[in-house]
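Can you read through this structure? Questions will come right after.
The values are calculated or read from the model by the stated rules, or taken from the named source; none is laboratory data. What you are looking at is a predicted structure, and each value in this text was computed from that prediction instead of being measured. Virtual Cβ from ideal backbone geometry, glycine too; neighbours counted across all protein chains shown. In case anyone asks, the SASA skips ligands and DNA or RNA and just uses the protein heavy atoms, side chains included. Shrake-Rupley method; radii C 1.70, N 1.55, O 1.52, S 1.80 Å.
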Amino acid sequence: MTSTLPNQAEKIRNRAALIEVIGGYMASQALSLAAELKIADLIHDGVDTSTALAEATGSHEPSLLRLLRMLAAVGITTEPEPGRFGLSEVGDQLRTDSPNSLWAFTRFFTDQSLFSSWQSVGHTIKTGECAFDHVHGKNAYVHLSEQPELSALFNYAMSQESRISAGQVADGIDFSDVKTVVDIGGGDGTLLKAILTAHPHLTGVVFDSASGVAEAPGVLAEAGLTDRCEVVAGDFFSSVPDGGDLYIIKSVFQDWDNEPAANLLRTVREHMPANATLLIVGSVLTDTATTDEPVMFLTDANMLVTAGGRERTESEFRALLEETGFTVESVGRNAAGPLSIIKAVPAEASSCHCCHATES
């Protein structure tokens, strides 16, 4: 007689897996509160019992204990003995002072404005319209421009997200024949800071909206790069700085659907010299979705719901670049950590040798 126990065990595992996904919003909101209360900082500093943590945060101890245990169950905290907590390697990224911190990233992407948009995801799926605009009566970028604290948090979050990929771009590109790097949509200058620090012969321009570059002067001054880098505010759909040898657009295209993305590329093409090079740094979707790289598909869906943007496959990037006057020379998948690097040149230009992206 064949035992049904293995089949039952598999059913139970599958059931639990689905329930964990159903409860994803619970975990994200618990993370949001833990980040707001700076629980990870307190635990790292030795405030590690639920009683002490409740006192430090002004919380109800029995309720906080249960939240901390939930976070332990999903791999954020640890509970080596009843009522005493530590941090997992994943949870350590919630520390504000960690070199790998994702504290601001956590705060921003669990913000109520984004969460409420996802509660209206059905509107997007039924109509194709951005849920954020539907809920808030304005697009996310206008909303950020009207909320200075949230805008600063967004810029900081993007800086935290960029650290690993910025270092890999700085180390993985041959800048020997480049003089000036123009970072389009460069935010607080994190990427350009990494590049100019690693390559002392370079000068640069960080270009973004006024709210986007608000923190850039401070970031570049702290790194001692003020004399080598110009901060320029503007609208990249209208104009971008002229005269660069290398133009970089990192983590920007997913914010926009195809028409505005094409307009951005046309603007860059209009202003860049014929012998300059364009590098696009961002996610490149696989042709089919698997469980191997879920973050890029989460990002794609989030862009749909909160910004009306999208991630793209390699073929979609190639078509977009060809349409706007570029020729793709290489696609380095995962050449910048989880991000890829697409190298393109003006279509009428011969193959450019001013920089080389490692192609995987």
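What does the accessible area per residue of the chain come to in Å², with a 1.4 Å probe and no ligands, DNA or RNA counted?
49
Out of all DSSP beta bridges with both ends in the chain, state the antiparallel percent to the nearest 5.
For the chain, the DSSP antiparallel bridge percentage is about 45.
List the relative contact order of the chain as a percent without decimals, with contacts defined as Cα pairs under 8 Å and 6+ residues apart.
Computed value for the chain: 13 percent relative contact order.
With every protein chain kept in the model, how would you rank Lys38, Lys126 by accessible area, 1.4 Å probe, largest at the top?
The most accessible residue leads, giving Lys126, Lys38.
Over the alpha carbons of the chain, what is the largest minus smallest coordinate on each principal axis, giving the biggest first in Å?
Sorted from largest, the Cα extents of the chain read 67, 57, 43 Å.
Report, in deg cm²/dmol and to the nearest 500, the calculated mean residue ellipticity at 222 nm for the chain, where each DSSP H run with n ≥ 4 adds -39500 (n - 2.57) and the sum is divided by the residue count.
Result for the chain, helices only: -14000 deg cm²/dmol.
So, one more: For Asp292, what accessible area in Å² do you get when you roll a 1.4 Å probe over the heavy atoms of the protein chains, rounding to the nearest 10?
130
What does the extension gain come out to for Ser120 and His134, with contour length at 0.36 nm per residue minus their alpha carbon separation?
Residue separation times 0.36 nm, minus the Cα-Cα distance, leaves 4.2 nm.
Work out, in µm²/s and without decimals, the Stokes-Einstein translational diffusion coefficient of the range 307-346 at 10 °C, 1.306 mPa s, Rh from Kirkwood over C-alpha pairs.
146
Could you compute the net charge surrounding Ala214? Neighbours are other residues with a C-beta less than 12 Å from the C-beta of Ala214; K and R count +1, D and E count -1.
-4
Same structure, new question: With label points built 7 Å along Cα→Cβ from the Cα atoms of Glu146 and Val295, find their separation and express it in nm.
3.2
Also, quick follow-up: Ranked by accessible surface with a 1.4 Å probe, highest first, in what order do Asp174, Asp188, Asp242 come?
Values: Asp174 60, Asp188 15, Asp242 105 Å².
Final ranking, largest accessible area leading: Asp242, Asp174, Asp188.
Give me the tail of P(r) for the range 199-313 as a percent: Cα-Cα pairs with distance above 20 Å. Spell out each step's value before the answer.
On the way: 3376 of 6555 pairs.
The calculated P(r) of the range 199-313 puts 52 percent of pairs beyond 20 Å.
So, how do all the Cα-to-Cα distances of the range 1-86 break down into 5 Å bins, in percent, from 0 on up?
3, 14, 21, 20, 12, 9, 8, 6, 4, 2, 1, 1
Past 28 Å, Cα to Cα, is the threshold; run Lys38/Lys126; Lys193/Lys343; Lys138/Lys250 against it and keep the listed order. It would help to have the intermediate numbers written out before the result.
Details: Lys38/Lys126 38 Å; Lys193/Lys343 21 Å; Lys138/Lys250 25 Å.
In this structure, Lys38/Lys126 lie more than 28 Å apart at Cα.
Further question: I need the peptides 257-263, 78-84 ranked by packing, meaning the mean over residues of other C-beta atoms within 10 angstrom, with the highest value on top.
Ranking the peptides 257-263, 78-84 by packing returns 257-263, 78-84.
How high is the relative contact order of the range 1-74, in percent, with contacts defined as C-alpha pairs under 8 Å that are six or more residues apart?
Value for the range 1-74: 25 percent.
Under 20 °C and 1.002 mPa s, how fast does the range 26-68 diffuse according to Stokes-Einstein, given a Kirkwood radius computed over C-alpha pairs? Answer in µm²/s, whole number.
It diffuses with D of about 210 µm²/s by this estimate.
Something else: Using the Kirkwood formula on the Cα atoms of the range 1-156, what hydrodynamic radius do you get, in angstrom to one decimal?
Across the range 1-156, the inverse of the average 1/r is 17.9 Å.
A further question on this structure: Please compute the contact order of the range 24-114 in relative form: average sequence separation of alpha-carbon pairs under 8 Å and at least six residues apart, divided by the residue count, as a percent.
For the range 24-114, the relative contact order is 30 percent.
Determine the shape class of the range 89-223: with a ≥ b ≥ c the square roots of the Cα gyration tensor eigenvalues, call it rounded for a/c under 1.5, and otherwise prolate if a/b is greater than b/c, oblate otherwise. Please report the intermediate quantities before stating the final value.
On the way: a/c = 2.21, a/b = 1.74, b/c = 1.27.
Taking the square roots of the gyration eigenvalues as a ≥ b ≥ c, the range 89-223 is prolate.
Next question, about the same structure. Using a 1.4 Å probe on the protein heavy atoms only, what accessible surface does Thr299 show? Give it in Å² to the nearest 10.
For Thr299, solvent-accessible area is about 40 Å².
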